1. What lysines does LYS163 reach when the alpha-carbon gap must be under 24 Å and sequence neighbours fewer than 8 apart in one chain are set aside?
2. Taking the Cα atoms of the stretch 1-128, what is the range of coordinates along each of the three principal axes, in descending order and whole Å?
3. If ligands, DNA and RNA are left out, what is the accessible area of SER40 with a 1.4 Å probe, given in Å² to the nearest 10?
4. Would you mind computing, in nm to one decimal, how far apart the modelled labels at ALA11 and GLU115 are, each placed 7 Å from Cα along Cα→Cβ?
5. So if we plug the beta-carbon distance of MET210 and ASP287 into 1/(1 + (r/R0)^6) with R0 = 22 Å, what FRET efficiency do we get, rounded to 0.05?
6. By the scheme Lys and Arg +1, Asp and Glu -1, what is the net charge of all other residues having a beta-carbon under 10 Å from that of TRP269?
7. Using a 1.4 Å probe on the protein heavy atoms only, what accessible surface does PHE202 show? Give it in Å² to the nearest 10.
8. Just reorder ILE162, ILE73 by solvent-accessible area, largest first, 1.4 Å probe, all chains present.
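The values are calculated or read from the model by the stated rules, or taken from the named source; none is laboratory data. Everything numeric here is computed off the predicted structure, so don't read it as measured data. Cβ placement follows ideal geometry from the backbone for every residue including glycine, while neighbour counts extend to all protein chains displayed. Accessible surface areas use protein heavy atoms only, side chains included; no ligands, DNA or RNA. Shrake-Rupley method; radii C 1.70, N 1.55, O 1.52, S 1.80 Å.
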Amino acid sequence: MSESNDPGLAAGQKVDNYVVERQLGGGGFSIAYLAEDVDSGQQVVLKEYMPRKLTYRGDDGQSVYSRSEETDITFARGRRLFFQEASALATINHPNIVNVINFFRANGTVYIVMEYEKGISLQDYIKRHKGNLSEALIRTVFLPLLDGLKMLHTQGYLHLDIKPGNIFIRSGGSPLLLDFGAVHQVMRSRQDQMAQVVTPGFSPIEQSNMSGYVGPWTDLYAIGATMRACIEGKPPPEATDRRGKDPMRPAIKAFRKSYSDSLLTTMDWAMEVDPLHRPQCVDELLDTLNNKTERNDEDNNDESMLKRITNNLPWSRG
C-alpha cells in the first residue's frame with residue numbers, strides 16, 4: 001500500500017494513450033493532470049477519479065485500490081457514476097463549458113480527458129485585483145456562463161461546485177466552466193451521489209445535509225456567491241452561519257454606490273438562504289440581471305487588462 005502525501009501519478013507515466021506531464025490540482029475525490037496525447041501530440045487535461053478517503057495508490061505508482069471491504073461498495077458506486085456522467089457530459093457542446101473529448105477505465109478507476117486551454121482562473125484574477133472587478137467585467141463573464149449553465153440544467157444535470165476556482169477565463173475574456181467532478185443528475189437520490197462537495201462560502205445550506213434537496217437553485221446560489229466574491233475579493237460567509245441573524249450585509253446596501261441595482265438585486269436573490277426564496281431556474285435569474293436601467297460602474301478598463309493578462313498565461317486552477 002502506498003500512503004504518500006501526494007497520491008498523484010508521476011510525470012512521465014502513461015495512462016491509456018496519454019503521458020502525464022505534471023499535476024494541475026486535486027480535490028477530495030479527483031486529481032487533474034496536464035498530459036499529452038501520444039498520437040496527436042496535443043496537450044490535454046486528464047482527470048482521475050480518486051477519492052482519497054476511500055482509495056490508495058498501489059506500489060506500482062498507478063493502480064487505485066479501495067482501502068477496505070467497507071469502502072468497496074462506495075468506491076465502486078462512485079466510479080460507476082463518474083463514468084456515466086463523463087459519457088453524458090461528452091455529449092454537451094457549449095462554448096462556455098469545458099469540452100470532454102474522451103473517457104475511459106484504467107488502473108482500477110476512471111479517467112476523463114478534457115481540452116486544455118490557456119488563460120487564468122477567476123479566483124486568481126480576483127486575488128490579483130483584491131476584488132473590485134467592474135460591473136462590465138462581471139457581466140462579460142457571467143452572462144455567457146449562465147447560458148452554459150442553462151444548457152447543463154436543461155440536460156438534467158447540476159454542477160454543484162461553482163466557485164471562482166472552477167471558472168476559467170480564456171484569452172479575450174471568454175469564460176469556461178470547469179471541474180464537473182461533483183456533477184449530479186437532478187432527479188437522482190442524494191444517496192447515489194458519489195461525493196458530498198461543500199465549498200465554504202459558495203455552497204448553499206442544502207449541500208451541507210445529505211437529505212437536502214438540491215436543484216438548479218443550488219447552482220444559482222453559488223453563482224451569486226461567486227459574483228459577490230468578484231466585488232469583495234473573498235468568499236461570502238458560510239451558508240450555515242447565515243441562518244438566524246445573517247452576518248452578511250445585503251449587496252444592494254453594501255455596494256450600491258458602484259454597481260447597478262439589477263446586478264446587486266440578482267446577487268441577493270440568488271444568495272437567499274432558503275432555497276424556496278431563490279430563483280428556481282437560470283431564466284428567472286437572467287430576467288433580473290438583464291433588467292438594467294443604469295450602470296454605476298464607470299471603470300471598464302478591467303476588460304482590456306484581462307485580455308492582456310490572459311494572452312500569455314498557462315491553464316490555471318484555483
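1. Cross-link targets: LYS47, LYS53, LYS118, LYS127, LYS130, LYS150, LYS234, LYS253, LYS307.
2. Taking the Cα atoms of the stretch 1-128, the three principal extents are 42, 37, 29 Å.
3. Accessible surface of SER40 is approximately 80 Å².
4. Going from the ALA11 label point to the GLU115 one covers 2.7 nm.
5. E between MET210 and ASP287, to the nearest 0.05, is 0.10.
6. -2
7. Ignoring ligands and nucleic acids, PHE202 comes out at about 20 Å².
8. Greatest to least solvent exposure: ILE73, ILE162.
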